[in-house]
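Below is one structure, written out as structure tokens; comments come after it.
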Amino acid sequence: TMPVDITLSFLSFVFLSGITPGPANLTSLATSLQYGRKIAFRQWIGIISGCFVDSFVSVVIVYFLGTALNQYVKWLAFVGVIYLVWMAIHMLKANYTTNQKEIKTPGFWTGFFLQITNIKVILTCITSLSSYVLPNTRSFPIIMIFGICLSIIQPGCNLVWLFTGAALQRFFVKYQKIVNIVMALALLLCAVSLAILPFTK
């Protein structure tokens with residue numbers, strides 16, 4: 001069994017990782033801003049499907065590599081930090097527009113391929129499982145349960161961004177410079193959190 005405090009720490013880490021800006025969240029936000037909830041939700045079905053794939057693969061990797069994976073987590077985190085910093089810089093240049101001709105209409109496969117190549121999600125899955133779960137249990141069913149939690153919590157957080165985009169479309173367009181700065185700072189905070197995580201175990 002998993003200690004309650006470790007379980008709560010795991011859930012907190014996954015929630016904070018899922019709710020903060022990332023490729024899937026920002027894409028859902030942008031899609032919702034430009035096309036509305038219906039099309040954004042169709043893309044979200046692909047996102048949640050891709051997240052299940054990421055979670056399952058992460059569970060298998062963590063289970064079979066075991067503690068040997070821990071020495072590589074710092075390097076994975078380092079890659080994630082670079083990626084998040086790049087995302088922050090890109091965020092500062094983002095432009096929310098209602099011109100639908102600028103991007104192709106997204107769908108299931110857009111969301112699916114976005115998620116299975118989403119390094120933020122992959123790092124979150126592997127890091128959370130290897131840092132919080134693996135040191136406390138080697139039971140595959142228990143690790144899989146935590147993997148399922150990953151595949152539910154993260155797409156659930158993504159829905160917040162989807163509905164926020166639809167509800168606050170005018171606000172985002174009007175105050176996009178301020179919004180971009182706030183999101184960029186949030187991404188940088190994610191990078192700092194990911195950078196120090198391997199050294200806090």
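The values are calculated or read from the model by the stated rules, or taken from the named source; none is laboratory data. Note that this is a predicted model, so its numbers are computed, not measured. Using ideal geometry, Cβ is built from the backbone for each residue, glycine included, and neighbour counts are taken over all protein chains shown. Each accessible area value is taken on the protein alone, full model and side chains, heavy atoms only, with ligands, DNA and RNA left out. Shrake-Rupley method; radii C 1.70, N 1.55, O 1.52, S 1.80 Å.
For the stretch 14-37, enumerate the residues that are open to solvent by less than 30 Å² (accessible area, probe 1.4 Å), under 18 Å from Leu150 (Cβ atoms) and part of a helix (DSSP H, G or I).
The answer is Val14, Ser17, Gly18, Pro23, Ala24, Asn25, Ser28.
Of the residues that make up the stretch 111-131, is at least one outside any helix (DSSP H, G or I), closer than 18 Å to Pro3 by Cα, in contact with a Gly (Cβ under 8 Å, 6 or more places away or on another chain) and modelled with pLDDT under 90?
Within the stretch 111-131, not a single residue is outside any helix (DSSP H, G or I), closer than 18 Å to Pro3 by Cα, in contact with a Gly (Cβ under 8 Å, 6 or more places away or on another chain) and modelled with pLDDT under 90.
Condition check ((1) surrounded by 15 or more Cβ atoms within 10 Å (Cβ to Cβ); (2) at pLDDT 80 or above; (3) over 30 Å from Tyr35 (Cβ atoms); (4) not basic (Lys, Arg)) across all residues:
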residue	(1), (2), (3), (4)
Met144	yes, yes, yes, yes
Asn158	yes, yes, no, yes
Gly165	yes, no, no, yes
Tyr175	no, no, no, yes
Asn180	yes, no, no, yes
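Determine which single condition Thr137 fails, assuming it passes every other condition in (1) modelled with pLDDT under 90; (2) assigned to a helix (DSSP H, G or I).
Tallying (1) modelled with pLDDT under 90; (2) assigned to a helix (DSSP H, G or I), Thr137 fails exactly one: (2).
For the stretch 41-60, what are the residues that are open to solvent by less than 40 Å² (accessible area, probe 1.4 Å) and either under 19 Å from Pro141 (Cα atoms) or modelled with pLDDT under 90 (or both)?
Once the filter is applied, which keeps residues that are open to solvent by less than 40 Å² (accessible area, probe 1.4 Å) and either under 19 Å from Pro141 (Cα atoms) or modelled with pLDDT under 90 (or both), the stretch 41-60 yields Cys51, Asp54, Ser55, Ser58, Val59.
What are the residue pairs meeting all of these: first residue in the stretch 45-60, first residue within 16 Å of Leu123 (Cβ to Cβ), second residue of a type in the set (S, T, N, Q) and in a helix (DSSP H, G or I), Cβ atoms under 6 Å, and 6 or more apart or on different chains?
Gly50/Gln115; Cys51/Gln115; Cys51/Ser151; Cys51/Gln154; Ser55/Ser151
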